[in-house]
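Beneath this line is the structure, given in structure tokens, with notes to follow.
The values are calculated or read from the model by the stated rules, or taken from the named source; none is laboratory data. Bear in mind the structure is a predicted one, so any value in this text is a computation, not a measurement. Note that we place each Cβ from the backbone using ideal geometry, even for glycine, and neighbour counts take in every protein chain shown. Only protein heavy atoms, including side chains, enter the accessible area calculation; ligands, DNA and RNA are left aside. Shrake-Rupley method; radii C 1.70, N 1.55, O 1.52, S 1.80 Å.
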Amino acid sequence: MMTVIAMKTLMISAREIAELLFGSGNIASERALAIRAEEGTEIHQYWQGRYEDADRKEVIVKTVVEQDGFHIELTGRIDGVVTRDGVLTIEEIKSTHGDLESIDETTYPAHLVQAKIYAYLYCLVNTLPRITLHLTYIKVEDKTVKTIQKSMTFKMLEKYFHKIIDQYLEWEKKLDEHEEGRMKSIVGLNFPYPEYRAHQRELMGHVYRTVIDRGILYATAPTGIGKTVATIFATLKAINQPRQKMFYLTAKNDGKRIALDTVSLLEKNGLIAKTCEITAKDSVCFLKERDCDPEVCKYANGYYNRVFKAINDMFSNGSLYTKEMIAEFARKHRLCPFELSLDVSNYVDIVIADYNYAFDPLVHLMRYFDDSVYSPILLVDEAHNLVSRGRDMFSATLTRDHFVLLDGIVKFLKPSPKKEIERILDLFDEYDTELLEVDFVRKETVNEYLVAALKRLLVRLDQILTESEKIPNKKDLTSVYFDIYLFNKIYELYNDRFVFLLEKIDGVVNVSIKCLNASGFIRDTAKNKSLASVFFSATLEPIHYYKTLLTEGVGKNIKLPSAFPRDNLLLIAVDDVSTRYNDREGSIQKVIDVAEALVAGKKGNYIIFFPSYFYLNMVKDRWDLDPDEFEIIVQKREMTLRERADYIDLFRTDSEKTQIGMFVMGGVFGESIDLIGNRLSGVLIVGVGLPMIAPFNNILRSHFDEEFQAGFDFAYTFPGLNKVIQAVGRVIRSETDRGVAILLDDRFTTRRYMQLYPKEWNHMRTINDVDELATTIELFWQTEFEAKS
């Protein structure tokens, strides 16, 4: 009996093959690509408009090639099929800004390859022995034309075509060989630890079923359960289709590092997979100051001439493409590391990146989320952050300073945009008048005159950036351009979940389109553009808040209990003091007394979280500590990544003194510190973490009142509570950790808050007497000492 081997189907266009194998050119911005597409359409229409009645436009050709176990469905669209002087000719039209005299058939190799494939397909379909092809370049500025002509027999084209297909299949075989290895490795992959942590397997079961059922899951899973390995392992096990791609999305660099370490561990246990880390462009750029102009950056110049060779090299010589490894290959092949990470992500199995690469309307990877070919699986780590991040992604701001700067740059440039800039500055002057008595004005709709002027200005700037060879301060002009472009993009999405704001900040007029609720956009990506989505965090409470503001309530949710012994956390409320704004002066001494009781219990590291820098400094200035015993570490308003890391390292190294961190709640130190064992002995949380009572937060409150009848909770209570839970979560990071957490504010013991706390907090005690508090903390640590003795 003969065995029938199933062939692998590939659907691809002639253009895609040509550009993959023979691509050339510089990196182009999204702006340039959009302009290029518009120009290409206009040039095609112009040239095709000159065709005779018998000529044909946009002729579709296709064929099937079965070779080496592959079933290739190849398609193409010929710009023109024309007959001149009795000679049948196919024509491929290309627009250009380049010098026509310098263009020959080697300038853009992919163009000629594409035309030859079209010629072969047309001859094949129409049984022609010979054909003439025209590769027609038309200069955008003056519509002058240069045509490269070739007359070829079918035999010549057939031989050439199969040579191209052989080259293409060489790459596809490499991908297919990897895919077979990946699928086999997933089937045989075992969990990388001898035992599951408590409730870890339960989490994995829910993730697995969600991916299989193509659903949305919210998982509230406590610290220490092993969420990263559980979600990645379960998702891998659920993969059942070739080239399914997983996106692991996280807001923090630490989150990316843990995910990369997890994949590395799984590889050591037999996983075969390609993984790519995508990092922000500025942080990986090889230049001292980023400038993506190909005339300035050698890594952008000629990028597409070299990128396929680099990807092929990477695919043959690695699997875990961290930012460091990507940088190595980028230097080797003289490529932009950021763009290389995006391009290699086409061929990997796991992408580890920030939220914006899936959800941001401008930054998201369109190739995965706007293309029906792909259905990525999303794992969204620390998903509580996505509520505010989502709003930010769909918001945009312009300042008067943007246009003052622009006015100075464009003085001698053509075509002059001075008229448009002056009109916009006139509008800003009108806004300035509106802001004479107030610093903040809300508008229900965006000023249509502003939008119209911005659109006209963009057209002018497009022309300048495209046509002008020398532009002074080009980087500044490009930066302003993109801010205007973003503003217009966000305006196109404007609905009743947005608001138009006028503000005066430090004396400068700002106009903003602010998103109040991004859940519709996030839901669209999670449900309609992804195969499955899992949102997970230790602090998705209350769950209805997060489900409402992320996916409009769509999705299942689970909550897993903590595996940590409850008695390892001494949780105390001090509720005889108010930390509200007007009461803070009178609360300072109580804060100091409670803090001293906390740090007196045991030498170690402690963190005090405050609702604001001002409050923090009020306490610091009044707190008289012995410098021989205590080291104060105070968070600054503006800190570099290096400074943040140095602060955290202070807690990770041994010190002869007790170290006390004074930090602002909700900032980087409220979440990203992962201090295990005796590296953090306790925290004091001053206040309930409410966001500042401010005009925009009050707009959120009004909006949520109208939409959900829960304005104050959605705008203030729930975001504040999350900061508190995150801060308490810094204390216990493993099964053996012990520590103290004190909540200081009279609201912490009200019924409203008590019913929102995690169940793991049911043992919280209220102690207002400072001496009793000190004694209780001392006994807690004494119990630990006796247990170890």
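Model label points for L641 and F712, set 7 angstrom from Cα along the Cα-to-Cβ axis, are 4.1 nm apart. Computed over the chain, the per-residue total of -39500 (n - 2.57) for DSSP H runs of n ≥ 4 gives a 222 nm mean residue ellipticity of -13500 deg cm²/dmol, rounded to 500. Only protein heavy atoms count here; under a 1.4 Å probe, T478 has an accessible surface of about 40 Å². In plain terms, if you count all Cα to Cα distances in region 197-322 and split them into 5 Å steps from zero, the share in each step is 2, 8, 15, 17, 17, 14, 9, 8, 6, 3, 1, 0 percent.
Within the shell defined by Cβ-Cβ distances under 13 Å, the residues around L560 carry a net charge of +2, with Lys and Arg each +1 and Asp and Glu each -1. Using the Cβ-Cβ distance between M754 and F482 with R0 set to 41 Å, the FRET efficiency works out to roughly 0.30. Here the simple spin-label model places points 7 Å from the Cα toward Cβ, and for E492 and N190 these points are separated by 5.3 nm.
Of the whole protein surface, D291 contributes about 40 Å² of accessible area at a 1.4 Å probe radius.
Backbone N atoms of region 38-55 closer than 17 Å to the 7 Å Cα→Cβ label point of R77 belong to residues 38-49.
Using the 1.4 Å probe convention, the accessible area of the chain works out to 46 Å² per residue with neighbouring protein chains retained.
Recomputing volume of the Cα convex hull per residue in Å³ from the coordinates shown identifies the correct label among (i) 352; (ii) 185; (iii) 197 as (iii). Normalising the average separation of contacting C-alpha pairs (under 8 angstrom, six or more residues apart) by the number of residues puts the relative contact order of the chain at 12 percent. Computed extension gain for I212 through D583, at 0.36 nm per residue and net of the alpha carbon distance, reaches 128.2 nm. Full extension of the chain between H544 and T106 yields a length gain of 151.7 nm, computed as 0.36 nm times the residue separation minus the alpha carbon distance. Extending 7 Å from the Cα toward the beta-carbon at both E778 and K173 defines two label points whose distance is 7.9 nm. For region 267-370, a/c is not less than 1.5, where a ≥ b ≥ c are the root eigenvalues of the C-alpha gyration tensor, and a/b does not top b/c. That puts it in the oblate class. Take K475: with every protein chain present and a 1.4 Å probe, its accessible area is about 90 Å². Shown are R331, R765, whose ranking by accessible area with a 1.4 Å probe and every protein chain present, most to least, is R331, R765. Would you mind counting up the charge near F609? Only other residues with Cβ under 10 Å from its Cβ, with Lys and Arg at +1 and Asp and Glu at -1. Result for the neighbourhood of F609: +2.
With θ taken as phi - 60° and the Karplus curve 6.51 cos²θ - 1.76 cosθ + 1.60 applied, the whole-hertz 3J(HN,Hα) list for region 301-311 is 6, x, 3, 6, 5, 10, 5, 5, 4, 5, 4 Hz, x standing for glycine and proline. Measuring nothing but protein heavy atoms, the accessible surface of the chain at 1.4 Å probe radius is 49 percent carbon and sulfur.
Take the Cβ atoms of K268 and S655, set R0 to 41 Å, and the FRET efficiency comes out at 0.70.
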